[in-house]
Amino acid sequence: MNNRKPSWLKIKIPDGKMITYVENLLVEHNLNSVCKSAKCPNRTECYSNKTATFLILGNICTRACRFCNIDKGIPQTVDNLESENIAKVVNRLGLEYVVITSVTRDDLVDGGSSHFVNVVNSIRKKSMKTEIELLVPDFLGNLSAIDNVINCNPTVINHNIETVERLYSSVRIGASYDRSLELLKRVKEKSKIITKSGIILGMGEKDHEIEKVLNHLREVNCDLLTIGQYCQPTKKHLDVISYITPEKFKYWYDYAIKLGFKGVASGPLIRSSYNARRLLCSI
């Protein structure tokens, strides 16, 4: 266990005026952002650049991943106005690239995939040129649900594998390593959509296990990859086992590029949707 954060994880807080503006805009339209709910370390920078990753289907998750700060419990009723409200905010902020993600909704028959589609369609009606990245849950492996998000043809479909196979039973409660790989594989089998995944380090994984994950992702033709540092959100969450140095993140960047990933973001403060458009433009 290592709870003392190193110097490279310290963040300079930018001007708070834009942060307040974006957060007020989200509150005004009854919207959630994963930036705030998950305590992303980059949320101040993203808000200052007038960007946000929208969190749909409420802010209560039906699973209990031990690294994630999003609340767990009985989820809310799906807000049928959410897709239209997101479209309004995207248009108002003039976003050229938007990331849509959700809590995991195992209580819904299709895992919420139809709601993803509604959000995509609403954004396109108001902002035709906006590129859309969907960061989706595994939908419990429901093929028709996965096909729903494929058929709405977003620019990128992202599904994070998060950690190494050995740690799934203790870190990603209710998830399946193979199921995550199968989702990414199906996207490529059914479409030409760019696929993306991410892993967070510092939870006790070994180097050979990281190599195995990255190789498995390339075997299903995953295009883009993010690698970041796990930071304990609260004392109730999984302990940080190790802080990975910037030099080691550079090593994993080089390793991933050699494997054939088309774009890689690797660093202590990297998160799945951070500078998502820049990563896409790198390929």
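Of note:
- Residues (under 28 Å from Asn91 (Cβ atoms), in a helix (DSSP H, G or I) and polar (S, T, N, Q)) located in the stretch 126-164: Asn148, Asn151
- Members of the stretch 60-89 found to be polar (S, T, N, Q) and without any contact (Cβ under 8 Å) to a residue 24 or more places away in the chain, listed by number: Gln76, Thr77, Asn80
Per-residue answers, yes or no, for (1) under 18 Å from the mean Cα position of the chain (by Cα); (2) under 27 Å from Gly260 (Cβ atoms); (3) crowded, with 22+ Cβ neighbours inside 10 Å:
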site	(1), (2), (3)
Val109	no, no, no
Gly112	yes, no, yes
Asn118	no, no, no
Arg124	no, no, no
Val136	yes, yes, yes
Ser144	no, no, no
Ile173	yes, no, no
Arg179	yes, yes, no
Lys196	yes, yes, yes
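- Only one entry in Arg166, Arg186 is closer than 18 Å to Gly111 by Cβ, surrounded by fewer than 22 Cβ atoms within 10 Å (Cβ to Cβ) and at pLDDT 95 or above, namely Arg186.
- Exactly one residue among Val149, Val240, Val220 is surrounded by fewer than 23 Cβ atoms within 10 Å (Cβ to Cβ), of a type in the set (Val, Ile, Thr) and free of Cβ contacts under 8 Å to residues at least 40 places away in the same chain, and that residue is Val220.
- Among residues of the stretch 90-116 that are at positive phi, those with a Cβ under 8 angstrom from a residue that is of a type in the set (S, T, N, Q) and modelled with pLDDT of 90 or more, sequence gap 6+ or separate chain, pair up as Gly111/Thr104; Gly111/Asn142; Gly112/Ser102.
The values are calculated or read from the model by the stated rules, or taken from the named source; none is laboratory data. Predicted model only: the values in this text are computed from it and were never measured. Here Cβ is always computed from backbone atoms with ideal geometry, including for glycine, and neighbour counts include all displayed protein chains.
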